[in-house]
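These notes concern the structure reproduced below.
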Amino acid sequence: MINPFDDIYFMKRALQEAQLAFEKNEVPIGAVIVMNNQIIARAHNLTETLNDVTAHAEMQAFTAAADFLGGKYLKECTLYVTLEPCQMCAGASYWTQIGKIVYGASEEKRGFLVMNTTLHPKTKVIGGVLEEDCSKLLTRFFIEKRNLN
Ligand SMILES: [Zn+2]
């Protein structure tokens, strides 16, 4: 039997969050945190709205998930995020001890991989899930933004 709750299913939910960011004129990055096939936190980038460079989708999702669970560790959880996390978010994920990170598009300039940010040793990583959809949304955003200026 096929499990309907797979990485693609949850990445689509993260993409819906990214779409919400897009509609607010925010760089369209979305995230959800999943535990036992259940979404316990959803968030999107709000750096413009909150005028806060730390308001990345992942940071808010970590806070919301810890809130939901009533504990700060996310060992049994998976983070789905449409873009490879930056070093700030990867660093925060270290402290959450999150079980798994699944990301969509790669961030070759400012992603945690090129920055050599250390994840928690127990955190598994999968990249490239729905990569094309995730990066298309970002590309469309920057093209539209350029045309406005
Ligand atoms: Zn980040």
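Here is a list of conditions, (1) β-branched (Val, Ile, Thr); (2) surrounded by 18 or more Cβ atoms within 10 Å (Cβ to Cβ); (3) under 13 Å from the mean Cα position of the chain (by Cα), and VAL125 meets all of them except one; can you say which number that is?
(2)
Which pairs do you get when a residue that is over 15 Å from VAL129 (Cβ atoms), found in the range 1-20, comes within reach of a residue that is exposed (fewer than 14 other Cβ atoms within 10 Å of the Cβ), reach meaning Cβ atoms under 7 angstrom, with the pair 6+ apart or on two chains?
Close Cβ pairs (under 7 Å, with a partner that is exposed (fewer than 14 other Cβ atoms within 10 Å of the Cβ)) do not exist here.
Has the range 55-62 got at least one residue that is modelled with pLDDT of 95 or more, open to solvent by 30 Å² or more (accessible area, probe 1.4 Å) and part of a loop (DSSP other than H, G, I, E, B)?
Among the residues of the range 55-62, at least one is modelled with pLDDT of 95 or more, open to solvent by 30 Å² or more (accessible area, probe 1.4 Å) and part of a loop (DSSP other than H, G, I, E, B), which makes the answer yes.
When you go through ASN3, ASN25, ASN37, ASN51 one by one, which is the residue that is touching a Phe, Trp or Tyr at 6+ places or on another chain (Cβ under 6 Å) and surrounded by fewer than 22 Cβ atoms within 10 Å (Cβ to Cβ)?
ASN37
Tell me, yes or no, whether the range 69-86 has at least one residue that is without any contact (Cβ under 8 Å) to a residue 24 or more places away in the chain, under 27 Å from PHE142 (Cβ atoms) and more than 13 Å from the ligand (Cβ to nearest atom).
Checked against the condition, which is being without any contact (Cβ under 8 Å) to a residue 24 or more places away in the chain, under 27 Å from PHE142 (Cβ atoms) and more than 13 Å from the ligand (Cβ to nearest atom), the range 69-86 yields no hits at all.
Which count do you get for residues in the range 72-104 that are part of a loop (DSSP other than H, G, I, E, B) and open to solvent by 30 Å² or more (accessible area, probe 1.4 Å)?
5
The values are calculated or read from the model by the stated rules, or taken from the named source; none is laboratory data. Model, not experiment: these values are computed from the prediction. So basically every Cβ, Gly included, is an ideal-geometry build from the backbone, and we count neighbours across all protein chains shown. Note: accessible area is taken over every heavy atom of the protein model, side chains too, but ligands, DNA and RNA are not part of it. Shrake-Rupley method; radii C 1.70, N 1.55, O 1.52, S 1.80 Å.
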